[in-house]
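Novice: Have a look at this one before I ask anything.
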Amino acid sequence: MTGFRRRTFLVGAGAGLAACAGVPRTGQPQERATEDPISEAAGQRHRYQYGDDPSQWGELFLPELSDGGKHRGVVVVIHGGYWRSRYGAELGEPLARDLAGRGLAAWNLEYRRAGNGGGWPHTFQDILAGIDKLGELAGPHTLDLTRVVALGHSAGGHLAVWAAGRDRLGGLEAEHLQAGASTSGVRLTGVVSQSGVLNLAEAERLNLSNGAVANLLGGPSSDFPGRHRYADPMAALPLTVPVYAVHTTEDEDVPLSMSLSYVEASRTGSTPAQLVTVPGDHFALIDPEAPAYLRCRELVQELLC
C-alpha cells in the first residue's frame with residue numbers, strides 16, 4: 001500500500017500488534033509444528049497447511065466450548081497489502097484474536113502474493129483452497145460450515161468478495177480452469193469488505209499503488225482481458241450472498257469509489273450489497289480498538305446470526 005503510513009501501529013514495539021502476535025517483521029510467522037495447538041487467552045490456536053508452499057497456511061483461532069458445544073459459524077480473515085508479498089497474515093492476526101475472544105471461530109488465512117509465487121493464478125487458487133480447507137477442519141473442531149463469513153481488508157476485501165462469486169464466471173473457461181474454481185467447495189454465506197478493492201477495472205485505470213492490479217495479474221488488461229475480467233468482483237454480479245462494503249471516510253489508500261461503484265452495480269440483483277461508511281483512515285479497519293473495526297465486527301456477528 002502507499003507507504004503503509006501506519007506501519008508503526010502494526011509492527012511497532014511495546015503495544016505494537018506484531019509484538020503481541022509474536023511474528024517477525026518479515027511477515028512470516030515463527031515456525032511451529034503443524035497442527036500443534038497453542039494456548040490462547042481466548043481458547044486455542046491451530047496452524048494448518050493447505051498446500052506445500054510456505055505461504056499456503058492458515059491459523060484457526062477458537063474460543064473455548066462447553067462440552068458438546070459447536071462453534072456458530074466461521075470467520076475467514078483475509079489480509080490486504082495490494083496482493084504483494086511484503087505484507088502477510090500478521091495483519092489479520094489481531095482481528096482473528098479479537099473475534100475468538102468474542103466467541104467466534106476465526107480462520108486467519110495466508111496465501112501466495114505477487115513477489116513470492118503468487119499473482120495470477122496462484123493467489124486465486126490459494127484463496128479458494130484455503131477456504132476449502134475448512135471442510136477438513138470442521139469435524140475435528142466442531143465447526144458449523146453452514147455459516148462462513150469472510151472479513152477482508154483492502155486487497156483482502158477484493159479476494160473475499162471474489163471468492164463469494166466463485167461459481168459466477170464459468171463463461172471464462174480458461175481462466176476458470178486456471179483459478180481452480182469449482183462449485184463443490186466451502187461456500188461463503190456473507191462478506192464484510194473493509195475498504196476493499198472491489199472494482200479492478202477502475203483500480204487499474206487509477207493506477208492504484210503503482211500498478212498493483214497489473215502486478216497481480218501479470219500485465220495490463222489490454223494484454224490479458226480474460227483474467228482481468230475473471231478476477232474482477234464486478235463481473236460476478238449479481239451475487240446471492242450479502243456483502244457489506246465498509247469504507248472509511250478518510251481512506252487515502254483505497255478510494256471510496258471502489259466500494260461505491262460495486263454497491264451501485266449490485267442493485268439489480270436480489271441481494272444488493274450495502275455501503276457502510278465509518279470514521280477513520282485505511283488502517284482503523286484493522287485496529288481492534290477503533291470504532292471502524294468495531295462496526296465491522298458487529299456486521300460479522302450479524303451475518304452469523
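The values are calculated or read from the model by the stated rules, or taken from the named source; none is laboratory data. A quick note: this is a predicted structure, and the numbers were derived from the prediction, not measured. Positions of Cβ are generated from backbone atoms using ideal geometry, with glycine treated the same way; all protein chains shown enter the neighbour counts. Ligands, DNA and RNA are excluded from the accessible area calculation, which covers all protein heavy atoms including side chains. Shrake-Rupley method; radii C 1.70, N 1.55, O 1.52, S 1.80 Å.
Novice: Kindly indicate whether any position in region 250-260 is within 12 Å of GLY196 (Cα to Cα) and touching a helix residue (DSSP H, G or I) at 6+ places or on another chain (Cβ under 6 Å).
Specialist: Within region 250-260, one or more residues are within 12 Å of GLY196 (Cα to Cα) and touching a helix residue (DSSP H, G or I) at 6+ places or on another chain (Cβ under 6 Å).
Novice: Mind listing whichever residues of region 259-302 are among the charged types (D, E, K, R) and either within 17 Å of LEU151 (Cβ to Cβ) or open to solvent by less than 40 Å² (accessible area, probe 1.4 Å) (or both)?
Specialist: Narrowing region 259-302 to residues among the charged types (D, E, K, R): 264, 267, 281, 287, 289, 295, 297-298, 302.
Answer for region 259-302, where residues must be among the charged types (D, E, K, R) and either within 17 Å of LEU151 (Cβ to Cβ) or open to solvent by less than 40 Å² (accessible area, probe 1.4 Å) (or both): ASP287, GLU289, ARG295, ARG297, GLU298, GLU302.
Novice: Does any residue of region 70-91 turn out to be surrounded by fewer than 19 Cβ atoms within 10 Å (Cβ to Cβ), more than 15 Å from the chain's Cα centre (by Cα) and modelled with pLDDT under 95? It would help to see each step written out before you state the result.
Specialist: Taking region 70-91 first, the residues surrounded by fewer than 19 Cβ atoms within 10 Å (Cβ to Cβ) are 70, 72, 85-86.
Subsequent filtering for residues that are more than 15 Å from the chain's Cα centre (by Cα) retains 70, 72, 86.
Applying the additional criterion that residues be modelled with pLDDT under 95 yields 70, 72.
The answer is yes; a qualifying residue exists.
Novice: Which one of these does GLY157 not meet: (1) crowded, with 18+ Cβ neighbours inside 10 Å; (2) assigned to a loop (DSSP other than H, G, I, E, B); (3) not aromatic (Phe, Trp, Tyr)?
Specialist: It is condition (2) that GLY157 fails.
Novice: Okay, next question. Is there a residue being at pLDDT below 95 and outside any loop (DSSP other than H, G, I, E, B) anywhere in region 193-216?
Specialist: For region 193-216, residues at pLDDT below 95 and outside any loop (DSSP other than H, G, I, E, B): absent.
Novice: Determine, yes or no, whether ASP167 is modelled with pLDDT of 95 or more, over 23 Å from GLY117 (Cα atoms) and either open to solvent by less than 20 Å² (accessible area, probe 1.4 Å) or among the acidic types (Asp, Glu) (or both).
Specialist: Answer is no for this residue.
Novice: Oh, and also: Does region 212-227 hold any residues that are under 25 Å from HIS282 (Cβ atoms) and open to solvent by less than 20 Å² (accessible area, probe 1.4 Å), and which are they?
Specialist: ALA212, VAL213, LEU216, LEU217 - these are the residues of region 212-227 that are under 25 Å from HIS282 (Cβ atoms) and open to solvent by less than 20 Å² (accessible area, probe 1.4 Å).
Novice: Could you list, in sequence order, all residues of region 173-187 that are of a type in the set (S, T, N, Q) and not in a loop (DSSP other than H, G, I, E, B)?
Specialist: Scanning region 173-187 gives a single hit, GLN178.
Novice: Next question, about the same structure. Do we have any residue at all in region 116-123 that's part of a helix (DSSP H, G or I) and open to solvent by less than 10 Å² (accessible area, probe 1.4 Å)? Full working, then the answer.
Specialist: Within region 116-123, the subset part of a helix (DSSP H, G or I) is 122-123.
From the residues that got through so far, the ones that are open to solvent by less than 10 Å² (accessible area, probe 1.4 Å) too are 123.
Checked region 116-123: at least one residue is part of a helix (DSSP H, G or I) and open to solvent by less than 10 Å² (accessible area, probe 1.4 Å).
Novice: Among the candidates VAL191, VAL197, VAL149, single out the residue that is in contact with a helix residue (DSSP H, G or I) (Cβ under 6 Å, 6 or more places away or on another chain) and under 13 Å from ALA231 (Cα atoms).
Specialist: VAL197
Novice: Something else now. Given the conditions (1) crowded, with 24+ Cβ neighbours inside 10 Å; (2) over 15 Å from the mean Cα position of the chain (by Cα), report the number of the one that ALA150 does not fulfil.
Specialist: It fails just one condition, (2).
Novice: Related question: Which of the residues that make up region 131-145 are of a type in the set (Gly, Ala, Ser) and closer than 10 Å to VAL186 by Cβ?
Specialist: Answer for region 131-145, where residues must be of a type in the set (Gly, Ala, Ser) and closer than 10 Å to VAL186 by Cβ: GLY135, ALA138.
Novice: Does THR248 satisfy the criteria of being at negative phi, loosely packed, with under 15 Cβ neighbours inside 10 Å and not hydrophobic (A, V, I, L, M, F, W, C)?
Specialist: no
Novice: Say we look at region 92-115 and pick out the residues that are more than 14 Å from the chain's Cα centre (by Cα) and part of a loop (DSSP other than H, G, I, E, B); which of these is surrounded by the most Cβ atoms within 10 Å (Cβ to Cβ)?
Specialist: So in region 92-115, the residues more than 14 Å from the chain's Cα centre (by Cα) come out as 97-105, 114-115.
The next check asks that each one be part of a loop (DSSP other than H, G, I, E, B); those that pass are 102-104, 115.
Numbers: ARG102: 13, GLY103: 15, LEU104: 23, GLY115: 12.
Among them, the one singled out is LEU104.
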